[in-house]
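For reference, the structure discussed in these notes is given below.
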Amino acid sequence: MSGQIIFHPVVSGEEASRLVAAYVRALTRAQRVRELLVLAGLDGDAMLVVPSWTQAGEPVVYVSGLTARARQCLADILGSGVSPPPDDDRGGGQRVA
C-alpha cells in the first residue's frame, strides 16, 4: 500500500452494508494470512497486512514489507501464487486474497 487513504463515498443502505460486509470478510482473511505467515516462521511485525476491498466491492488483503523468502512462503500458503497488486495500489504491496 502506498500509505494513502482511499475514500469511497457511498449512499447509506444496501451499498454501505455490502462494503462493510466485504471489509469484515477481508479483515478475517487478513488475520488468517498473518497467522499463516507467522506459522511459516516469518516475523509478523516486519510485514503490513491490510484488509480492504476492490473497486468492485470484493474483499481483498494487501501485504507489504515481504522479503523474497516471505514472498515464497506466501506463494506456498496460497498454493497458486501471489496476484499482482491492482493499479490503485501503485506497486506498494502484494495482493494476496
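The values are calculated or read from the model by the stated rules, or taken from the named source; none is laboratory data. Predicted model, so just to flag it, every value in this text is computed and none were measured. Here Cβ is always computed from backbone atoms with ideal geometry, including for glycine, and neighbour counts include all displayed protein chains.
Taking into account only those residues within the range 7-37 that are β-branched (Val, Ile, Thr) and part of a loop (DSSP other than H, G, I, E, B), which is farthest from ARG71 (Cα to Cα)? Residue satisfying both the conditions and the ranking: VAL11.
The residues listed here are ALA68, ALA75; of these, the one that is surrounded by fewer than 19 Cβ atoms within 10 Å (Cβ to Cβ) and modelled with pLDDT of 80 or more is ALA68. Looking only at residues of the range 24-37 that are within 11 Å of the chain's Cα centre (by Cα) and aliphatic (A, V, I, L, M), we find that the one that is surrounded by the fewest Cβ atoms within 10 Å (Cβ to Cβ) is LEU27. Within the range 65-75, being more than 13 Å from the chain's Cα centre (by Cα), part of a helix (DSSP H, G or I) and not charged (D, E, K, R) holds for ALA68, ALA70, GLN72, CYS73, ALA75. Looking at the range 38-64, which of its residues are surrounded by 12 or more Cβ atoms within 10 Å (Cβ to Cβ), more than 13 Å from the chain's Cα centre (by Cα) and not in a loop (DSSP other than H, G, I, E, B)? Answer for the range 38-64, where residues must be surrounded by 12 or more Cβ atoms within 10 Å (Cβ to Cβ), more than 13 Å from the chain's Cα centre (by Cα) and not in a loop (DSSP other than H, G, I, E, B): just VAL38.
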